[in-house]
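The values are calculated or read from the model by the stated rules, or taken from the named source; none is laboratory data. Note that the structure is a prediction, hence the values are computed from the model and not measured. Positions of Cβ are generated from backbone atoms using ideal geometry, with glycine treated the same way; all protein chains shown enter the neighbour counts.
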Amino acid sequence: MAGKRDAFNKERENNDNQALTENNGSFCREEIVLAQAAEDQVEFSLRNDIVFKYVFGHEKNERILRALLNALLGLEGGMRIVGLSFLNPANLKEYLEDKHSFLDVKAQDSNGKRYNIEMQVRAESSYIKRVIYYHDRLFTEQLKEGDPFRNLEKTLTISILNFVLLEHENELHNTYRYGNIITGSELTDIKELHFVELPKFRKEKPRQLMTRFEKWLYILKYGEKYTSNPHNLPETLKAEEEIVMAIRKMREATKDDMVRALMESRQMTLHIEAERIYEAEQRGKIEGRLEVARKMKDNGTDTETIMKLTDLSCEEIEAL
């Protein structure tokens, strides 16, 4: 397995990975409760997908997104992205009106490569399937009717996660491509899925940061510490001009009425969904007790015993 992983990740700097020192635990079935907790923890930080879209999803912030991508992908020299065009420029009002849209950032570089960057706040049971689905859509929609397949360009999806998704992987940045599962040889790099798991990043002191990759991870995880006063940024982070720009945009987001409206709308949606699930669970419990009582009654069990075992009233049992 180690050989296969090396083949798939040969272009990435090994020093940009940190060991996972604590287990994030299995995904709890009470998704809505966890979702509310996750939202509370990331309010007005770059780990909030609304703020992330505000900072990185505007055309006027193209330079910030370009710097983030170059850092996350480890691109240097002639390999660096020098220009981006946005395929879905930020429109927070549209999202407010359509709760089913995702706040990802889609862009295309000057060479035609496509990128889908998403900040995922909380775990979802089918998250990997969703990532693959939307990645394939971004890839296939390149072709218009009658276009040849040779027009297809490399497409990358970068999922920045506020939770641990790949518990079996020690690295915090894992890349997946098409490959031979027996030999580990690579078929093509035209599709690429990146998962960056922020909980696995353990460097909490700015003086520990060595690479651009680490500096951006630090800002993604702890950037809200500096929004009240960007001048307090440590010198090692001030050296990255785009990081300073990102902190200033985060500060703008805290004062933006549309950002606040989106956050309030999402919290309301989570509360409503939690109430709906609770009511459904209660109905399920009652229906389960009624079914047990019905079977006991059919088997000749007396009403008093059924009442004791199911906590149903005499009237409810007689109505069965």
The condition of being in a loop (DSSP other than H, G, I, E, B), assigned by TED's automatic domain parsing to the domain that holds Phe44 and on the phi < 0 side of the Ramachandran plot holds, among Glu204, Glu214, only for Glu204
Could you check how many residues of the stretch 283-320 are within 45 Å of the chain's Cα centre (by Cα), among the basic types (Lys, Arg) and surrounded by fewer than 14 Cβ atoms within 10 Å (Cβ to Cβ)?
-> 2
Taking the condition of a type in the set (Ser, Thr, Tyr) and in contact with a helix residue (DSSP H, G or I) (Cβ under 6 Å, 6 or more places away or on another chain), does Thr303 pass?
-> yes
Subset of the stretch 209-223 that is farther than 20 Å from Val51 by Cα and out of contact with any Asp or Glu (no Cβ under 8 Å at 6 or more places or on another chain) - its residue that is surrounded by the fewest Cβ atoms within 10 Å (Cβ to Cβ) | Met210
Would you please list the contacts, defined by Cβ atoms under 7 Å and residues six or more apart or on different chains, that run from a residue in the stretch 176-203 that is under 19 Å from Lys113 (Cβ atoms) to a residue that is among the acidic types (Asp, Glu)?
-> Arg177/Glu186; Arg177/Asp189; Arg177/Glu192
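Mind listing just one residue for me: the one in the stretch 113-140 that is loosely packed, with under 12 Cβ neighbours inside 10 Å and modelled with pLDDT of 90 or more and, of those, farthest from Asp257 (Cα to Cα)? So that I can check it myself, show each step before the final result.
In the first step, residues of the stretch 113-140 are kept if they are loosely packed, with under 12 Cβ neighbours inside 10 Å; the result is 125-126, 129, 133, 137, 140.
From what's left, modelled with pLDDT of 90 or more: 126, 129, 133, 137, 140.
Details: Ser126: 32, Lys129: 34, Tyr133: 33, Arg137: 32, Thr140: 36 Å.
Restricting to residues being loosely packed, with under 12 Cβ neighbours inside 10 Å and modelled with pLDDT of 90 or more, the top hit is Thr140.
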Please go through the stretch 141-172 and pick out each residue that is within 17 Å of the chain's Cα centre (by Cα) and closer than 24 Å to Asn111 by Cα.
-> Leu156, Thr157, Ile158, Ser159, Ile160
Residue by residue through the stretch 72-93, note down the ones that are crowded, with 21+ Cβ neighbours inside 10 Å and either part of a helix (DSSP H, G or I) or not assigned by TED's automatic domain parsing to the domain that holds Asn162 (or both).
-> Leu72
